[in-house]
Structures are given as C-alpha cells and as structure tokens.
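Coordinate-derived values only; no laboratory data. Owing to the predicted nature of the structure, the values given are computational and were not obtained by experimental measurement. With ideal geometry, Cβ positions are generated from the backbone for all residues, glycine too; neighbour counts draw on all protein chains shown.
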C-alpha cells in the first residue's frame, strides 16, 4: 500500500510536468485509467495526461522518507486541528488530528493553515486529506493554495494575493486530493507567505479535514552573472554555480583576493569551518 | 529594486545597533530625513539615530535572496494574520483573505515565532493596514520571550519584553520594525518567542497582515576547554569551529583527544561529515 501510494505521488509530479508541456515528448505514456486520473487530480475523462519517459526510474524518491536536505522532496504537514477558522462566528470542533465544522449556516466556511517551507525551495504541490461521508452529492470540500506577497521597501506596497491552485472533492469516505503549484514556484520567505484554505460546504462529523501536506524541494539557486572569484572560478567553471552559492551565503570568502582555489585539497580543519559556518552550529 | 531593499534592511540592523549604544561612534552618520526615520520605525523627529560606519559594506546580506544557511544572510519566519490566535474566545474576529481584523472588544492576537536554535534574533516587522482616519496608536506590536526550566525543578514561566513598536497614524499600508536587543540567541530548549499585536480599533480599516522575524545563523563562541587538546588546543585558529562540529556530534575526531586538523580529507570522509551534519537518510 505504501509503495503504491508513493509511486502514485511520484506519477503526480511527472504527469504534471508533462501536462504543462504543450506536446508530449516521444516515449511518454498516455494515462487513460479514469481512477488513476481522478487520483492524480485530473478529470476522469482527461485526454492529455502523460507519464514522462523515464519516470518510473525515479522510484527511490519515495515520499515515505521525509528527507529534508539535498535534492529529495521535503514535507510540511499541518494537522486539521492546527487550522485557524476564518471567523470567530464560524463554529468548529477538533478531534485528535482532525477538524470539522459545527456552524449550522449555509455557504462555505474556511480553515486556514500557513505552509512553512525553506526559503529558495521549489514549491511542488499540496495534498489535502479528509473525509466526506455525508450522502450529499457535489463539491463538499475545496482546497485553495494562496501566495501572499508584500514589499515594504522602498515604499509599503499593497499585498498581492495569488491563487496558486484550487481543487474540489466530491469523493466518499476518506479522500485525498492534490493541488499542483505551477512549475517554477520558488519559496520567498522575505516578501511572501503561503497558506492553504480548506472550505467546507456543510457542518457535521461526516465532513472532516484530517491534514494538509505541502511538498517542496531544495535547490541550489541559478548561477549569477558575475564571478566572485574571477581568478580561478570564472563563470565558465563547472562548479561556478555552487561556489557562488557558498560565497553568497557567507560560507566562504575564498583563499585569497578574488580566488577560491577550487582544486586545492582541503584539510579536516578547513572542513570543520565550512560545515559549522554553513549550519550555524552551536554549543549547549 | 531588490538592491534598494537590501540596503535598507541592512541599514535597519545597523541603525539599531547604533541607537542602542549610548553615544554614536566616530564615523557614524546622523539620519535626519523624517521619511527615512519613520520608515525605520522611529519618530519623525528623532535626533539620535545614526547609520553605523561601514554599514553599507554589508550589502551582500540580500533579503531578496531568502537563503537560510550560512551565517551571513538572514532567514525569515513569517506568520500570516490568519494564523494568529485571539487572546480570548469571547471576542470576535474575521480574516479577510489572509489578514485578520477585529469585530468587537479590545483584542490581542498572538503568533509564535519558530526559529532555529542558536540563531540570533534580529528584528520583527509588522505589516498591516491602518485606514480608519483616527490618530494615535492604532496597532501596537510587542515581542516577548517566554522561558521556563523543566529540570532539575520546574520553574515559573519568565516573560521578557524584547521590544515594541506601533503604527501611529492613519497611514494606509504600513510596516514597522521592532528591533530586538543585540545578542538575543534563540534557545528552543527552554524558551519560546511570541509576537503580540494589539488592535485598538474595530473593522476592516485596521488589519494585521503578517509579522516577520529576521534571524541569522551563527557559530557559537569558543568554549573554555578543548575536546581535542592534542592537536586542536584553545589557541588553534579553527578551535571554535571544530568544537562546534564535535559538540553537534558530527565528528568524534581521528584518535583519542585528536582531530588531525591538518590532514587532507578524502571524498569518503567528506561523505561522512556531510551526511552526519545534515542527518541524511534513506527511503524506508
């Protein structure tokens, strides 16, 4: 079960990557299984969802292993009971991890959760976990993912709200659905914040939000235009991008004026300086 | 645009450093521009705010590149308005998009600031809207540290006010910055940090949009005794950094009481250091 789930999630990524291309590439495989399409968050009759060639080679990036460093996917989970009601007039109740609406009125009421992710990471998708056990047809739960940015210098700007994705569910029983974030969404914690809003159409225990989970991936930022160490690590050097990333983070200032000495061997002592500065290590 | 922003933020930090000193040092520049003073969170007629000498040299600390590692750049912890907790269940609030606003009563909102242990807490910025036409303090922000020891005996929580600020006019979209006294090291074992926002007005014209803490990783100062006295005594140039690695459990040295700081490192040793430092792991 776990394996299957992890593989599906992987497919999600790749399928989306392909769907966002104008045309499928040679070797891509069309997905036609309505159940799989639904699980991927696509319409059951979607016609242009493809599994990218080579996708299954990536099974090791298992979402069941919550790695947070390196190139693997990291996860930010917010349990249902950690969500905030959008208004004090909308009643709710929490059960262990879950939350449900008690407000008897009509319309949708919302629960908000902020998604904390590492600055510079690529934001991939948000999965909503819940239960829809009432007999009502139609959309009972909707999940929206928002980005909010506001600049304060040189002048205070108005907040800019962007809906990154929205998915509704009319499933029965325990469900998940996934909101895919448009490709290339880089987490900017200085100016922006990210949150998910889950909207419930009706009150009662039959409709619960269990949790939401955001997926993100660390990345080394793109190479800058100019070199910090032009003497030996010019823009054409194969490690240019990585050396610049270290310099920009204050982890190295080089080995001499405008030089990094990329080919010099490193001692254990130097390694200690690099690592402790990079991670900001400290004593009790 | 990002350039200007980064410079301003750097100024903030240095300006406070100076303001908190009794006397400005030689070479510091007096800031008299009322607009700049207001933007920095000072009264428009403040007379003793200085730009520290050399402050402009620090432009690399680009807040527009939200890097979180290394000891040079800032990391950011943002809590959106809709993630704040009202101080009492008897008062009414509503979130407008991601902002939060009071519907009745006198009301405080709280947000916890989660930051890496050992980092330096620098400042907290408030973002909001004050459009109600009233003069005087409409929105006040305060940063608290709350510490409590659990061992060997349980102590009472000790609440310390680290700083406060406010929006003091009907100014539309605003920000103000609360500078935390220099040297505030995040201690997650015994302490937690909270931002309190007091809204002195009701209605959508007065909104709390978000609070954002700026922090900086650091390598803690050198300890008194050496873990590897044979070859890394307290006088060794890398003593502080090697101790940080040992204290974090990343290295146990190369032999009893030795670290072999001058030995070259192999790719294999590098793999051990990196995976131990980052806590890397495999899929289940």
Quick note, segment B:62-161: a/c under 1.5 would make it rounded; otherwise a/b > b/c is prolate and the rest oblate (a ≥ b ≥ c, C-alpha gyration tensor); here it is oblate
Rounded to the nearest Å, the spacing of the alpha-carbon centers of segment B:210-284 and segment A:144-221 is 38 Å
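Name the shape class, rounded, prolate or oblate, that the alpha-carbon gyration tensor gives for segment B:213-284, where a ≥ b ≥ c are the square roots of its eigenvalues, rounded holds for a/c under 1.5, and otherwise prolate holds if a/b is larger than b/c and oblate otherwise. Present the calculation step by step, with values, prior to reporting the outcome.
Numbers: a/c = 2.19, a/b = 1.16, b/c = 1.89.
Oblate is the answer for segment B:213-284, as a/c is 1.5 or above yet b/c matches or exceeds a/b.
Calculate the mean, over all residues of peptide A:116-124, of how many other protein chain Cβ atoms lie within 10 angstrom of the residue's Cβ. The partial results should precede the final answer.
Numbers: counts 5, 0, 5, 9, 5, 2, 0, 0, 0.
Across the residues of A:116-124, the mean count of other-chain Cβ atoms within 10 Å is 3.
First measure r as the distance between the Cβ atoms of residue B:224 and residue B:114, then evaluate 1/(1 + (r/R0)^6) with R0 = 41 Å and state the FRET efficiency to the nearest 0.05. Present the calculation step by step, with values, prior to reporting the outcome.
Details: r = 31 Å, r/R0 = 0.75.
That gives a FRET efficiency of 0.85.
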